[in-house]
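The block underneath contains the structure these notes are about, expressed in structure tokens.
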Amino acid sequence: MIRFFIKKVGLKALPILMPQSLSHIIIHLVFSTKDRAPFLNDAVRPQLHAYLAGVSRNAGCESFRVGGTVDHVHLAIRFSRIITIAELVETLKTSSSKWLKSKSSELAEFGWQRGYAVFSVGPGELDLLIHYIDHQEEHHRKKSFKEEYSAFLTKYGVPFDERYVWD
């Protein structure tokens with residue numbers, strides 16, 4: 001629906017179209033636990049994934065899928081036009097870290113890696129990304145997180161220095 005107001009110009013009333021700010025940006029966000037420690041066991045993962053999806057939605061970003069393994073997460077998100085990627089990642093990591101620590105004394109030392117990777121995904125690739133996220137356990141029987149992460153950075157042409165990727 002196009003909204004408009006009437007502007008009086010002399011004796012004439014002319015419609016003024018109101019501009020819209022529209023976007024459809026899908027991102028694939030990946031980050032790991034600090035030092036890739038295997039904190040995210042089978043009991044906590046489904047709850048964490050649901051929690052991250054909720055945080056994403058509360059930030060105005062539609063969450064299509066959250067998944068991962070014991071040491072990292074993947075998120076498929078429709079990115080909001082009113083938040084920066086850095087703000088979204090900070091919100092996701094900070095709130096989920098606090099939430100996880102409150103769940104169990106075994107998670108008292110939990111932390112996320114400082115960095116993250118984010119890639120744009122076309123709408124036609126969303127189903128493939130969701131499938132990929134849904135099958136993380138299977139993928140990681142063949143490939144470590146480091147191998148997966150490096151492969152994504154290379155695939156998307158992101159220059160990186162090995163000395164600083166693995167904090």
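Please report Rg (one decimal) and Dmax (integer) in Å for the Cα set of the range 65-119.
Here Rg and the maximum Cα pair distance are 12.3, 38 Å.
With springs only between Cα atoms under 10 Å apart, run a GNM on the chain and tell me which of Thr94, Thr69, Thr33 wobbles the most.
Thr94
Please identify, among Leu92, Leu128, Leu75, the residue showing maximal mean-square fluctuation in a Gaussian network model of the chain using a 10 angstrom Cα cutoff.
Per the Cα network of the chain with a 10 Å cutoff, Leu128 tops the list.
Average the reciprocal distances over every distinct pair of alpha-carbons in the range 15-132, invert the result, and give the Kirkwood radius in Å.
15.0 Å
Only counting other Cβ atoms within 10 Å, I'd like Asp35, Asp161 sorted with the fewest neighbours first. Walk me through the numbers before you get to the answer.
On the way: Asp35 10, Asp161 6.
Going from sparsest to densest Cβ surroundings: Asp161, Asp35.
Please go through the range 114-167 and write out the trypsin sites (Lys or Arg not before Pro) that DSSP classes as loop and that have at most 13 other C-beta atoms within 10 Å.
Details: sites: Arg114, Arg141, Lys142, Lys143, Lys146, Lys155, Arg163; in loops: Arg114, Arg141, Lys142, Lys143.
Qualifying residues, ordered by number: Arg114, Arg141, Lys142, Lys143.
FYI, it's all coordinate maths here, none of it is from the lab. All of these numbers come straight from a predicted model, not from anything done at the bench. Every residue, glycine among them, receives a Cβ derived from its backbone with ideal geometry; neighbour counts consider all protein chains shown.
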